[in-house]
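The values are calculated or read from the model by the stated rules, or taken from the named source; none is laboratory data. Just so it is clear, the model here is predicted, and its values are computed rather than measured. Note: ideal-geometry Cβ built from the backbone for every residue, glycine included; neighbour counts use all protein chains shown.
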Ligand code: UD1
């Protein structure tokens, strides 16, 4: 079975690639290295002992995508490749629309030329729900207006996929809406590699703990939550990676030519920023320098998943704890320093 993993050297893509290789899939990893590097490929090899094919391709380029599909015969595609910085997307929306939407369109055009229904998994985000009216969030919740061009690009991609499904095109698609992935591979050889100043909480915590940042700012403690700080659903990267394996295995067994599902992937548990900081300090026996600051523009107060659909339909469940996610995030930070 040959699987195309776009963005396969990125954070979620690299962990998923490891699990796929361990399951015996042959991989073609495509990455433009805009937010990753080839060292990740070496480390994937170190962990698995396998050498996946690697192609440095910009998926915005239609000709490159056509060539890719001419050169290989894929049995499945997991499409991770996308820009993901909320801040950057506000400053340069064009970049996000061109890349995130353009790449998906190029891939779909190629899939349409194939003689078989393609097994296709798309990376979406809980950002499509905006601030939901109640918790936990299930897949039937209304999708609110996206707060950022990044969020808009994910919403648009979901719409494109649904349109293809409704047009009756031969296409087997699962879209996963990720909550907040954190942590690293147990070996500490792969993890999240933020370029520049991290925007996300856990890389900011680990970089502060190691002394790369002076202090962490907690964005507001006057929200209407248990301790005044925002609530998120932190999901271990290994559990999230495993969700993709469950999806691929499901898609491979589906008989219908036009199959379409959307699943949340989260732990189902809401954790506040202060709870996460305290847990990080406890499990790693480190004192973190943090201050309470202003609210961050556009932040969502509360978001955690009802993940029962993926549990019931695909038999997926979380195996790793939040403690383990924070331990491995720290080991990873120590390794890359
Ligand atoms: C958001 C999106 C997520 C998307 C991600 C891309 C939602 C609910 N989530 O993540 O889908 O994939 O952007 O980057 O829309 N915080 C601090 N100090 C910091 C950094 C963060 O207090 O220095 C707080 C934030 O206010 C938030 C929590 O930590 O409450 C998590 O923030 P972050 O890691 O940036 O993720 P989201 O904003 O949830």
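Key figures
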| read-out | value |
| --- | --- |
| Test: residue in region 318-337 that is over 22 Å from residue 191 (Cβ atoms) and surrounded by 14 or more Cβ atoms within 10 Å (Cβ to Cβ) | no |
| Among (1) away from the ligand (no atom under 14 Å from the Cβ); (2) within 17 Å of residue 223 (Cβ to Cβ), the one test that residue 284 misses | (2) |
| Complete set of residues in region 236-274 that are assigned to a strand (DSSP E or B), under 27 Å from residue 291 (Cα atoms) and either at pLDDT below 95 or in contact with a helix residue (DSSP H, G or I) (Cβ under 8 Å, 6 or more places away or on another chain) (or both) | 236, 271 |
| Filtered residue count, region 171-207, keeping only those that are surrounded by fewer than 16 Cβ atoms within 10 Å (Cβ to Cβ) and more than 19 Å from residue 244 (Cα to Cα) | 5 |
| Failed criterion for residue 223 (all others in (1) over 22 Å from residue 154 (Cα atoms); (2) assigned to a loop (DSSP other than H, G, I, E, B); (3) in contact with a helix residue (DSSP H, G or I) (Cβ under 8 Å, 6 or more places away or on another chain); (4) within 13 Å of the ligand (Cβ to nearest atom) hold) | (3) |
| Per-region count, region 280-295, residues buried (at least 17 other Cβ atoms within 10 Å of the Cβ) and in contact with a strand residue (DSSP E or B) (Cβ under 8 Å, 6 or more places away or on another chain) | 1 |
| Extreme residue, surrounded by the fewest Cβ atoms within 10 Å (Cβ to Cβ), among residues of region 91-130 that are over 27 Å from residue 258 (Cα atoms) and within 12 Å of the ligand (Cβ to nearest atom) | 130 |
| Conditions (1) under 22 Å from residue 195 (Cα atoms); (2) part of a loop (DSSP other than H, G, I, E, B); (3) more than 16 Å from the ligand (Cβ to nearest atom); number of the one not met by residue 335 | (2) |
| Candidates 59, 68, 27 - the one that is over 20 Å from the mean Cα position of the chain (by Cα) and over 18 Å from residue 171 (Cα atoms) | 68 |
| Residue within region 143-153 that is in a helix (DSSP H, G or I), near the ligand (Cβ under 9 Å from one of its atoms) and crowded, with 19+ Cβ neighbours inside 10 Å present | yes |
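Rundown of residues vs (1) in contact with a strand residue (DSSP E or B) (Cβ under 9 Å, 6 or more places away or on another chain); (2) within 11 Å of the ligand (Cβ to nearest atom); (3) in a strand (DSSP E or B); (4) free of Cβ contacts under 8 Å to residues at least 60 places away in the same chain, yes/no style:
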{"residue": "163", "(1), (2), (3), (4)": "no, no, no, yes"}
{"residue": "169", "(1), (2), (3), (4)": "yes, no, no, no"}
{"residue": "173", "(1), (2), (3), (4)": "yes, no, yes, no"}
{"residue": "186", "(1), (2), (3), (4)": "no, no, no, no"}
{"residue": "193", "(1), (2), (3), (4)": "no, no, no, no"}
{"residue": "204", "(1), (2), (3), (4)": "yes, yes, no, yes"}
{"residue": "208", "(1), (2), (3), (4)": "yes, yes, no, no"}
{"residue": "211", "(1), (2), (3), (4)": "no, no, no, yes"}
{"residue": "218", "(1), (2), (3), (4)": "yes, yes, yes, no"}
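To keep it simple, each residue is scored yes or no on (1) in a helix (DSSP H, G or I); (2) in contact with a helix residue (DSSP H, G or I) (Cβ under 9 Å, 6 or more places away or on another chain).
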position	(1), (2)
5	no, yes
14	yes, yes
21	yes, yes
24	no, no
47	yes, yes
